[in-house]
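Below you'll find the structure, written out as structure tokens, and then a few comments.
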Amino acid sequence: MDDPGAAVRVLHVDDEPAFTDLTAEMLEREDERFDVETADSADEGLQRLQEMAVDCIVSDYDMPGRNGLEFLAAVREDYPQLPFVLFTGKGSESVASDAISAGVSDYLQKGSGTERYTLLANRIETAVTRYRAERELERQVDLFAKAQDIASVGAWEYDCTTGEGYSTDEVMRIYGLDVDRDLSVDRSLDYYHPEDRSKIRDAFEGALEAGGPYDRETRFIDDDGNHRWVRTSGEPQFEGGDVVRVRGILQDITERKRRERRLERKNERLEEFAHVVSHDIRTPLQVASGQLEVARETGNDTAFEKVRDAHEWMEAIIDEVLTLARQGEEISDTEQVSLAHVARDAWTMVDTPDAALTIRADFGVEADPDRLCQLFENLFSNAVEHADGTVTVGPVESFPTTTRGAHSGPRGFYVADDGPGIPEDKCDIVFEAGYSTSQDGTGFGLSIVEQVAEAHDWDTSVTDSVDGGARFEFLNVDTVPE
């Protein structure tokens, strides 16, 4: 057995007490690790099983009440793998056949002489060793399965000779597939983000051809269209100098990436707030101070009005900064809301006398409705500030792949206008706090929009609309068809 010193507790069940006593003595003499307990009937044996842990049962066949095979059937109901040796004086091919069919670990006939007890001791040792090894393997498999669940990591293997692959259940879960589905290498690569797919393919082919391991963190789109981040690695296995297989892991690191991104954004917001205090508020303060001095010297009412305007400017900045701080907080509770309904509500909050709203989004999203409304309000205000045309809210469709169709719903939404648009060299800075093309603006409207999206774990980008205006896209959104 694996541990040479481990005790082995044996329960011997036989209706002849003198024989069980003799067997106990002989077994304990054969191996000092054996600790033999006895029972004189199947019912008493079942009772003893409830009272103590047993490594192996040795049982007679012909006993009053339940016979040995009936006793075995009762034991298997609660202990399906416990070693059970039928040690009987009634030997026949029929009994042996029935015993094997019933699932005994071993079958041995009683006989005269000490060699029978030596043989029985060997049979017990073999059965217990196998039993303990199986239990240890099951324990390791169970711990590995729990580790996979906790760490969201699965394992895979590709056989270079046969071209066949194997993936654990956790790998299939990350893909969003049933565990009994086939997943070829080519098809598996199609689930990576289109912009990252070639890099993963090159890394895998490099492992096959050059024998180089790889370890990448990359974007991933599962079978349900959910956007994730995964860590994927592969390590070649060699035989005779040739790569014969590649083994690796696939780990869902979406939550870790989200935490990293939230931490980065918090640090960025601290820098933004410091900039506001040191620069954006200082400017109207200087204006107010200078105009107040002019007013004192001249008594000019216009100077007092400029002081008032500067104070209103500071108040607007402070309000926007507080809103920015609140909108950047994490969201704990979301609900399914109609994107179109929230957009229409937000439109009523914005002064849009000469503009029109067109909605092409007839689906639901998982979101905080109040913050989503704030996002739309700021986007609508930004649009009508630069043009009095049409503002459109519509869907951003899913990525198609070569082996599977697009996701059943959109992967996000957009807000577009038909105004002058955003210069290409300004697209990277429009979300920065304090950036504004208007003298009256605080420059925080679009920064608040980005903070709302970040709080929902949405990805934000800006590009040109089909009408030449600005188009703001929000991706990685949990959408629900209505």
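The values are calculated or read from the model by the stated rules, or taken from the named source; none is laboratory data. Keep in mind it's a predicted model, so treat the numbers as computed, not measured. No Cβ is skipped: glycine too gets one built from the backbone with ideal geometry, and neighbour counts run over all protein chains shown.
Points to keep in mind about this one:
One line per residue, one yes/no per condition, for (1) modelled with pLDDT of 85 or more; (2) farther than 28 Å from Leu475 by Cα; (3) under 23 Å from the mean Cα position of the chain (by Cα):
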{"site": "Ala155", "(1), (2), (3)": "yes, yes, yes"}
{"site": "Gly163", "(1), (2), (3)": "yes, yes, no"}
{"site": "Gly176", "(1), (2), (3)": "yes, no, yes"}
{"site": "Leu208", "(1), (2), (3)": "yes, yes, no"}
{"site": "Gly211", "(1), (2), (3)": "yes, yes, no"}
{"site": "Asp224", "(1), (2), (3)": "yes, no, yes"}
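- The criterion of being closer than 30 Å to Ile174 by Cα, modelled with pLDDT under 70 and among the acidic types (Asp, Glu) holds for Glu329.
- Near pairs, Cβ below 6 angstrom, 6+ apart or cross-chain, from segment 179-191 (more than 17 Å from Phe220 (Cβ to Cβ)) to any residue that is modelled with pLDDT of 85 or more: Val179/Asp169; Val179/Met172
- Selection count where residues are modelled with pLDDT of 85 or more, among the acidic types (Asp, Glu) and over 16 Å from His227 (Cα atoms), scope segment 439-463: 1
- Residue count for segment 176-212, restricted to those that are of a type outside the set (D, E, K, R) and either exposed (fewer than 14 other Cβ atoms within 10 Å of the Cβ) or on the phi > 0 side of the Ramachandran plot (or both): 8
- Every listed requirement among (1) modelled with pLDDT under 75; (2) of a type outside the set (Val, Ile, Thr); (3) in the same structural domain as Ala453 (by TED's automatic domain parsing) is met by Met314 save one, (3).
- Residues that are farther than 13 Å from Tyr175 by Cα and of a type in the set (A, V, I, L, M), drawn from segment 212-248: Val243, Val244, Val246
- Across segment 341-349, not a single residue is classified as surrounded by 16 or more Cβ atoms within 10 Å (Cβ to Cβ) and modelled with pLDDT under 90.
- Per-region count, segment 151-167, residues in contact with a Phe, Trp or Tyr (Cβ under 7 Å, 6 or more places away or on another chain) and within 17 Å of Gln251 (Cα to Cα): 4
- Residues satisfying the stated conditions in segment 350-390, i.e. in contact with a strand residue (DSSP E or B) (Cβ under 7 Å, 6 or more places away or on another chain) and in a loop (DSSP other than H, G, I, E, B): Ala355, Arg360, Ala361, Ala387, Gly389
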